[in-house]
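The block underneath contains the structure these notes are about, expressed in structure tokens.
The values are calculated or read from the model by the stated rules, or taken from the named source; none is laboratory data. All values derive from a computational prediction rather than experimental measurement. As a convention, Cβ positions derive from the backbone with ideal geometry for all residues, glycine included, and neighbour counts pool all protein chains shown.
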Amino acid sequence: MNYIENVYICLAAPFLVAVFCARKRSRRVLLFMLGGMTACLLSSYLSTFAASVEGIDLSAASLEIAPLVEEIMKLLPILFYLLVFEPEKESVVVGVFMTAVGFATFENVCYLAQNGAQGVFHLLIRGFGAGAMHVVCGAIIGTGLIYIWKEKWLRVAGTVGLLALAITFHGIYNILISQTGVPAAVGFLLPVLTAVAVVILYNPVNRLIEREQE
């Protein structure tokens with residue numbers, strides 16, 4: 001039996017030590033990564049609880065429940081940061097990405113603890129696929145929040161819309177990788193290719209928006 005809370009403690013301990021030793025900006029990055037790992041731990045508890053209430057197995061829960069629960073939990077640290085500190089645009093982007101990285105890292109470690117570390121090629125594909133998926137979902141929400149948060153009347157509806165988009169992308173990924181053959185390959189490649197597209201398109205689009213706002 002795997003005790004993921006014990007895995008969490010082992011991973012979180014160095015982060016907590018580093019938080020007290022780091023400077024302000026580095027401390028923020030570490031806290032967001034720790035927040036992402038915490039969100040992953042809580043998501044596993046909530047998904048398991050919801051699956052038991054609904055009377056479905058964990059495989060079905062990963063398709064029907066996990067995308068909703070995980071994206072909401074990843075969003076909570078960012079919403080807290082926005083509501084309490086009213087940060088600058090760059091800080092929000094860093095926070096979203098580091099939360100996603102922390103979440104994906106802890107998820108991959110739990111996967112290794114449960115399934116073993118055999119099959120380097122499969123683990124490489126799985127690691128990049130899951131990591132890219134969480135980062136892309138973070139990019140969807142983070143980039144959108146930067147612009148909708150300026151208008152108070154748009155905050156609630158806009159946040160729900162961004163969350164729905166991230167959940168949909170996450171759900172499609174989970175459905176595809178649960179298959180075999182070509183659908184699984186497409187599932188693993190989809191977030192990686194999307195992440196590459198985001199990197200290519202983000203800077204030109206960002207410059208265009210900034211030019212329009214001047």
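Among the numbered criteria (1) surrounded by 18 or more Cβ atoms within 10 Å (Cβ to Cβ); (2) hydrophobic (A, V, I, L, M, F, W, C); (3) touching a residue at least 60 places away in the same chain (Cβ under 8 Å), which single criterion is violated by LEU63? Exception for LEU63: condition (1). Just one of the listed residues (VAL101, VAL136, VAL109, VAL160) is surrounded by fewer than 18 Cβ atoms within 10 Å (Cβ to Cβ), in contact (Cβ under 8 Å) with a residue 12 or more places away in the chain and in a helix (DSSP H, G or I), namely VAL109. Can you go through PHE128, PHE169 and tell me which one is within 24 Å of LEU79 (Cα to Cα), in a helix (DSSP H, G or I) and in contact (Cβ under 8 Å) with a residue 24 or more places away in the chain? Within the list PHE128, PHE169, the selection yields PHE169. When you check ALA166 against the structure, is it touching a Cys at 6+ places or on another chain (Cβ under 6 Å), buried (at least 16 other Cβ atoms within 10 Å of the Cβ) and at pLDDT 65 or above, yes or no? Considered against the rule, which asks whether it is touching a Cys at 6+ places or on another chain (Cβ under 6 Å), buried (at least 16 other Cβ atoms within 10 Å of the Cβ) and at pLDDT 65 or above, ALA166 comes out as yes.
Within segment 13-30, being in contact with a helix residue (DSSP H, G or I) (Cβ under 6 Å, 6 or more places away or on another chain) and closer than 19 Å to LYS74 by Cβ holds for PHE15, VAL29, LEU30.
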